[in-house]
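The next block holds one structure in the form of structure tokens; read it before the comments.
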Amino acid sequence: MAARRADTQAILERLQQMYPDAKCALNHRNAFELLVATVLSAQCTDARVNIVTARIFPKYNRPEHFAALTVDEIGEMIRDCGLWQSKAKNIQALSRLLLERHGGEVPSTMEELIQLPGVGRKTANVVLSNAFGVPAIAVDTHVFRVANRLGLADAKTPEETEQQLMRRIPRALWSQAHHWLIYHGRQVCHARKPQCGECPLLPHCRFGRQGQKKTGSQQSPPRRNRRSGASAPKS
Ligand code: SF4
């Protein structure tokens, strides 16, 4: 069941108060660095990606740099981020495609971004919103979980969640709301043990309220809903 309009507004206002400085946690200086960092962030923490990119970006920060390297050479540099073989292959391939089709620049449309190897809607939305200032909601594992628990979405997939959030949230808040939901997922609404008893959003949260009713206490709710407790794949 979706949240009422009044709940949606209250949730957004509260999130804004809680996380006024929420922003992209991946260190980058331009669209290409953000694109590479986001590809590296699949199934890896942003903190670890920042450690790895701090070693790489001073020397390798343009498509031509990665296009000239072998997959193994790139893999050696990014090994700590996990899934290094597929990530290295994608970084090399997307760098070559950027040179071939876009003059070495990162395109600024969803249609063009998702043509790049290893770039799905989530990665494209991260780049669009943070590098180009285009309102967008990137649905990662935190956004998927928190939005569906709160009733801002009632969806089975990240794509569906993105569409529903875009309908419910004013366009001007899309990019910020994406950061707010990530921060809340990291700090309070954890995947396994959401801190509902301490969560300011509890009065507006269907998942939290049902958990409170069941336990009759201020404890975290049981994982009664596989959908809202699930992790959406990163892309
Ligand atoms: Fe998450 Fe619980 Fe807060 Fe709802 S009340 S947003 S489930 S921590």
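Values as computed for the structure displayed
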item	result
Flag if His178 is in contact (Cβ under 8 Å) with a residue 60 or more places away in the chain and crowded, with 21+ Cβ neighbours inside 10 Å	no
Out of Ala54, Ala6, Ala47, sole residue that is modelled with pLDDT under 95, surrounded by fewer than 16 Cβ atoms within 10 Å (Cβ to Cβ) and in a helix (DSSP H, G or I)	Ala6
Evaluation of Glu76 against (1) open to solvent by 80 Å² or more (accessible area, probe 1.4 Å); (2) more than 26 Å from Ala153 (Cβ to Cβ); (3) touching a residue at least 12 places away in the same chain (Cβ under 8 Å) (one fails), failing number	(3)
Candidates Leu35, Leu26 - the one that is under 23 Å from Arg121 (Cβ atoms), assigned to a loop (DSSP other than H, G, I, E, B) and either of a type outside the set (Asp, Glu) or touching a strand residue (DSSP E or B) at 6+ places or on another chain (Cβ under 8 Å) (or both)	Leu26
Members of the range 161-201 that are assigned to a helix (DSSP H, G or I) and either basic (Lys, Arg) or touching a Phe, Trp or Tyr at 6+ places or on another chain (Cβ under 6 Å) (or both)	Thr161, Arg167, Arg168, Arg171, Trp180, Tyr183, Arg186
Boolean, Lys156 is within 10 Å of the ligand (Cβ to nearest atom) and of a type in the set (D, E, K, R)	no
Test for Glu159: is it open to solvent by 50 Å² or more (accessible area, probe 1.4 Å) and over 26 Å from Ala22 (Cβ atoms)	no
Criterion violated by Ser175 - all others in (1) in contact with a Lys or Arg (Cβ under 9 Å, 6 or more places away or on another chain); (2) under 21 Å from Asp46 (Cα atoms) satisfied	(1)
Residue check for Gly120: touching a Lys or Arg at 6+ places or on another chain (Cβ under 6 Å), under 29 Å from Leu12 (Cα atoms), surrounded by 15 or more Cβ atoms within 10 Å (Cβ to Cβ) and not polar (S, T, N, Q)	no
Verdict on Val146 being in contact with a helix residue (DSSP H, G or I) (Cβ under 7 Å, 6 or more places away or on another chain), of a type outside the set (Gly, Ala, Ser), assigned to a helix (DSSP H, G or I) and within 16 Å of the ligand (Cβ to nearest atom)	yes
Only one of Val106, Val126, Val134, Val146 that is under 14 Å from the mean Cα position of the chain (by Cα) and open to solvent by 10 Å² or more (accessible area, probe 1.4 Å)	Val126
Residue check, His184 surrounded by 22 or more Cβ atoms within 10 Å (Cβ to Cβ) and either more than 11 Å from the ligand (Cβ to nearest atom) or of a type in the set (Val, Ile, Thr) (or both)	no
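The values are calculated or read from the model by the stated rules, or taken from the named source; none is laboratory data. The shown structure was predicted, so the numbers you read here are calculated from the model rather than taken from an experiment. As a convention, Cβ positions derive from the backbone with ideal geometry for all residues, glycine included, and neighbour counts pool all protein chains shown. These area figures cover heavy atoms from the full protein model, side chains too; ligands, DNA and RNA do not enter into them. Shrake-Rupley method; radii C 1.70, N 1.55, O 1.52, S 1.80 Å.
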